[in-house]
Amino acid sequence: MSAICSSTGVTELFQLVANPSKAKRNLGWEPQVSFEELLEKMLKTDLERLQSGALDEVLAAGIAPLPRV
């Protein structure tokens, strides 16, 4: 678990780790997007937000970057 500091105090971030085997076994669920496709979509969205300035509000609110581990 990590924590970040903001103007309102420390906010905890939880690392989510998923194992889809139970959903596959019990529900017959199969992913519609590969892990690689998911990463590509997430990175594309993050880059678009950075380039458009959409993250400026977050940074202006005084939220500190995540500490490097």
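The values are calculated or read from the model by the stated rules, or taken from the named source; none is laboratory data. Here the structure is a predicted model, which means the values were calculated and not measured. Methodologically, a virtual Cβ is constructed for each residue, glycine included, from the backbone with ideal geometry; neighbour enumeration extends over all protein chains shown. Keep in mind that these areas ignore ligands, DNA and RNA; they rest on the heavy atoms of the full protein, side chains included. Shrake-Rupley method; radii C 1.70, N 1.55, O 1.52, S 1.80 Å.
For region 6-36, taking the residues that are open to solvent by 80 Å² or more (accessible area, probe 1.4 Å) and closer than 30 Å to Ala61 by Cα, the one that is modelled with the highest pLDDT is identified as Val17. Among the residues of region 20-62, those that are outside any loop (DSSP other than H, G, I, E, B) and either touching a Cys at 6+ places or on another chain (Cβ under 7 Å) or polar (S, T, N, Q) (or both) comprise Ser21, Asn26, Thr45, Gln51, Ser52.
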